[in-house]
Amino acid sequence: QVQLVESGGGLVQVGGSLRLSCAASGRSFSNDVMGWFRQAPGKEREPVAAINWSGVNKKYADSVKGRFTISRDNAKSTIYLQMNSLEPEDTGVYLCASMSGSDTWDYWGQGTQVTVSS
């Protein structure tokens, strides 16, 4: 019932761009911190970006800062991750998650695969 559904992943060449979307449903996520995570094969899941409820405050992993942009549209219950200048190291499953206020990530999507080919 409560779910986050990612979309927009795919295969892209080095230097290309992708825009990921995460649609939320089942409850209101408008007051939640939302985040994007990624996990490459054999590696730990790592945070990529986060955004507060208003979209004013954003955080990025050092590895993506300047290349990725997180945004949200609360009216559409959707968050986005614009990824530019993609590198092979960006390859992985990208998941979105929400933090309601408990300082833990409460809900997770299933993920969407991003593959950057060299």
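Observations
- Burial order of peptide ranges 82-95, 100-113, 64-77 (average beta-carbon count within 10 Å, highest first): 82-95, 64-77, 100-113
- Cα gyration tensor category, rounded, prolate or oblate, for segment 1-48 with a/c compared to 1.5: prolate
- When the Cα atoms of the chain are aligned to their principal axes, the ranges along those axes come out at 40, 27, 24 Å in descending order.
- Mean separation of Cα contacts under 8 Å (6+ apart) over length of the chain, as relative contact order %: 36 percent
- One chain, two ends: Glu89 and Gln113. Fully extended at 0.36 nm per residue, the span grows by 7.3 nm beyond their Cα-Cα distance.
- Mean-position separation - Cα centroids, segment 16-63 and segment 65-82, in angstrom: 8 Å
- The simple spin-label model puts a point 7 Å past each Cα toward its Cβ; for Ser63 and Ser102 those points are separated by 2.8 nm.
- Net length gained if the chain between Ser25 and Gln39 were fully extended (0.36 nm per residue, minus Cα distance): 2.7 nm
- Nonpolar atom fraction for segment 1-108, defined as the carbon and sulfur part of the 1.4 Å probe accessible area, stands at 48 percent.
The values are calculated or read from the model by the stated rules, or taken from the named source; none is laboratory data. Source: prediction; values computed, not measured. Note: ideal-geometry Cβ built from the backbone for every residue, glycine included; neighbour counts use all protein chains shown. When the accessible area is computed, the model is the full protein with side chains, heavy atoms only, and any ligands, DNA or RNA have been set aside. Shrake-Rupley method; radii C 1.70, N 1.55, O 1.52, S 1.80 Å.
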